[in-house]
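These notes are about the structure you will find just below.
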Amino acid sequence: MKDQPAIMVLLIEDNMEIAGIVSDYFELEGIECDHAYEGHSGLEFALSDRYDVIVLDLMLPNLDGIRICQELRDRGVDTPILMLTARDTLQDKIEGFNAGADDYLIKPFEMEELVLRTRVLSRRRSGEVRRITIADMQIDFANRTVQRSGQVIDLSPTNWILLEVLANNSPNVVSRDRLSMALWQGEPPDTDALKSNIYKLRCRIDKPFASSLIQTVPGQGLALRES
């Protein structure tokens, strides 16, 4: 068993084979796990607000993952939600993030990655990475808001995904492959898709201001930091 702080997870998954594998692996990693196999019971468990992370399947009997996510956010439950699904289009991901999900993992997935993402999300709930200040920019992960020089910046869901990855790794460099994986978890829809999304983020974060925070490191990737 790994020497890590205890994490309490709610797994809402109707596939009993997957649920058993995930629960057993979590136990080996020192992560406690409750399991609900359908939507209504999953929502009832989640409303207890006793979990560090909710791992939520998208397709569920009685009440699907999107509706559960929306209901929890509408009721003020801020537990981080990791959504599991076999649906891998960008529109599916945008729908999930708009409903209030914090992360998205495509089936089939590696258990090591599930554990890693679960640990990262559990730290977010504890307040370790709820706010980040970089130069004159403030990022509030809890409320998903960004300000620069006191000016509120509106971001699209794809903008937010890229900014979150860059901010959580700042001032270190993030490879383009890693940014692409964060958006699509696989092949991008076309060869210029990542370049286009980075350009749009720069237009929001950097273009209206005197200095650029999104730095290109030739041959390595991008970094969010002062020049």
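The values are calculated or read from the model by the stated rules, or taken from the named source; none is laboratory data. Note that this is a predicted model, so its numbers are computed, not measured. Please note: Cβ atoms are built from the backbone with ideal geometry, for glycine as well, and neighbour counts cover all protein chains shown. Each accessible area value is taken on the protein alone, full model and side chains, heavy atoms only, with ligands, DNA and RNA left out. Shrake-Rupley method; radii C 1.70, N 1.55, O 1.52, S 1.80 Å.
Some observations on this one:
- Percent carbon-and-sulfur accessible area, the chain, ignoring ligands, DNA and RNA, probe 1.4 Å: 48
- Given R0 = 30 Å, the distance between the Cβ atoms of residue 177 and residue 75 translates into a calculated FRET efficiency of 0.20.
- Projected label distance in nm at residue 107 and residue 135, using a 7 Å step from Cα toward the beta-carbon: 4.4
- Spacing of the modelled spin labels on residue 64 and residue 14, each 7 Å from Cα toward Cβ, amounts to 1.1 nm.
- Mean separation of Cα contacts under 8 Å, 6 or more apart, over the residue count of the chain: relative contact order %: 13
- Taking every C-alpha pair closer than 8 Å and separated by at least 6 residues, the mean separation divided by the residue count of the stretch 7-126 gives a relative contact order of 25 percent.
- At 0.692 mPa s and 37 °C, Stokes diffusion of the stretch 131-224 via Kirkwood alpha-carbon radius, µm² per second: 243
- A Förster radius of 30 Å, combined with the Cβ-Cβ distance separating residue 199 from residue 88, puts the computed FRET efficiency at roughly 0.80.
- Residues of the stretch 131-224: accessible area per residue with a 1.4 Å probe, Å²: 52
- Helix 90-99 vs. the chain, principal-axis angle (Cα, 0 to 90°, nearest 10): 70
- Antiparallel DSSP beta bridges within the stretch 82-186, percent to nearest 5: 75
- Residue 222 sits among other residues whose Cβ lies under 12 Å from its own Cβ, and their net charge, with Lys and Arg +1 and Asp and Glu -1, is +3.
- For the chain, taking Cα atoms only, Rg and Dmax work out to 18.0, 55 Å respectively.
- Kirkwood radius, the stretch 7-126, all distinct C-alpha pairs, inverse of mean reciprocal distance: 13.9 Å.
- Förster radius 22 Å - calculated FRET efficiency between residue 214 and residue 123 (Cβ-Cβ, nearest 0.05): 0.35
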